[in-house]
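**Q** Submitted below is the structure of interest, expressed as structure tokens.
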Amino acid sequence: MLTEIEQLEHLRLASDVAGLAVPEIVLPQSHQIVVGRMRFHYLDWGNSRRRPIIFLHGGGLNAHTWDVVCLMLRNDYHCLALDQRGHGDSEWEPTADYSFDSQIDDIVGFIEQLGLSRPLLVGHSMGGFAAMGYAMRHAASMSGLMLVDVGPELSMDGAKRIREFISQDRELDSVDEFVERALAFNPMRKPTLLRRSLLHNLRKLPNGKWTWKHDPNRMSPDLNKERIERAQHIIDEIHRISCPTLILRGERSDVFTDANAEKFAAALPNGRWTRVAGAGHTIQGDNPRALLAELRPFLKEIGY
């Protein structure tokens, strides 16, 4: 685990590398909440007097993937980043229920318990699907939606590459071995930053080895069938996502294509998309400065 001093140093270095001038380097408050019968962890970047933005991470990641983005927005918005079920420091679902509906219900409970009014949701990959699902039910009570490299239809080759990366040997002898593997998967990242980011997503086992925090049972045996059904369900109900929606597509992403983004945006009642240079699938990690450059005007445009 990173010490408080190491976390502050990490945020400072990550901001510098991204070319961002941060007014003040601070850490979020770490909280636990019970939604339904499950315990969830989330990061609260303070400023509860401001309007809420809820950040939802991708599969295999955790709430800290949004640290730099939230740090830059915290003076103007109430930023909350959730560790979704089976990820980060949230509880693993005992029956391995990681279905689309269960993730939507988690967001419903999270928003209701915290009493968040007309939130804006930002979702990456898996978190983007959960955000879409929430918007299909609650668009009228949302201020807006931003989706990061995700839509109902994806490139299966790119998605398969990610699944293979996070499902290969879960136990390694050292953090450095995970760093080497992650750099081979995404050479864009700086080793020092990557190592510290990975420490938020790894835990040490009693035998001295290291492993991922996310639940190995979260991948359904019927994953492909469920993906097809989920995509069709979203396409059939896309008219329900009526809130202002901004779709970001990483220029180097092999998961979400220009054609995917264009088709999705055109089908939404109030949607548009843009391509983010210098980024792959995980835009918030590859190029947080560019993500913020798209998000801030969108927030202003919708009067947020």
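The values are calculated or read from the model by the stated rules, or taken from the named source; none is laboratory data. The structure presented is a predicted model; accordingly, all values stated were derived computationally and were not measured. Note: ideal-geometry Cβ built from the backbone for every residue, glycine included; neighbour counts use all protein chains shown. Please note that ligands, DNA and RNA were not included when accessible areas were found on the heavy atoms of the full protein model with its side chains. Shrake-Rupley method; radii C 1.70, N 1.55, O 1.52, S 1.80 Å.
**Q** Name every residue in the range 11-25 that is open to solvent by less than 60 Å² (accessible area, probe 1.4 Å) and not aliphatic (A, V, I, L, M), in order of residue number.
**A** SER15, GLY19
**Q** Given the criteria in contact with a strand residue (DSSP E or B) (Cβ under 8 Å, 6 or more places away or on another chain) and part of a loop (DSSP other than H, G, I, E, B), does LEU145 qualify?
**A** Criteria not met by LEU145.
**Q** Any idea which residue in the range 195-211 is surrounded by the most Cβ atoms within 10 Å (Cβ to Cβ), counting only those that are out of contact with any Asp or Glu (no Cβ under 9 Å at 6 or more places or on another chain) and either of a type outside the set (D, E, K, R) or more than 25 Å from GLY285 (Cα to Cα) (or both)?
**A** ASN201
**Q** Within the range 238-256, can you find the residues that are assigned to a loop (DSSP other than H, G, I, E, B), closer than 23 Å to ALA159 by Cα and either touching a helix residue (DSSP H, G or I) at 6+ places or on another chain (Cβ under 6 Å) or open to solvent by 50 Å² or more (accessible area, probe 1.4 Å) (or both)?
**A** If the condition is that a residue be assigned to a loop (DSSP other than H, G, I, E, B), closer than 23 Å to ALA159 by Cα and either touching a helix residue (DSSP H, G or I) at 6+ places or on another chain (Cβ under 6 Å) or open to solvent by 50 Å² or more (accessible area, probe 1.4 Å) (or both), then GLU251, ARG252, ASP254, VAL255 are the ones that fit.
**Q** Quickly run through the range 32-47 and pick out the residues that are at pLDDT 95 or above and open to solvent by 60 Å² or more (accessible area, probe 1.4 Å).
**A** GLN32, VAL34, ARG39 - these are the residues of the range 32-47 that are at pLDDT 95 or above and open to solvent by 60 Å² or more (accessible area, probe 1.4 Å).
This table checks each residue for (1) out of contact with any helix residue (DSSP H, G or I) (no Cβ under 9 Å at 6 or more places or on another chain); (2) open to solvent by 50 Å² or more (accessible area, probe 1.4 Å); (3) within 20 Å of MET146 (Cα to Cα).
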site	(1), (2), (3)
ILE53	no, no, yes
HIS57	no, no, yes
VAL68	no, no, yes
LEU82	no, no, yes
GLY86	no, no, no
GLU91	yes, yes, no
TYR98	no, no, no
VAL108	no, no, yes
GLY115	yes, yes, no
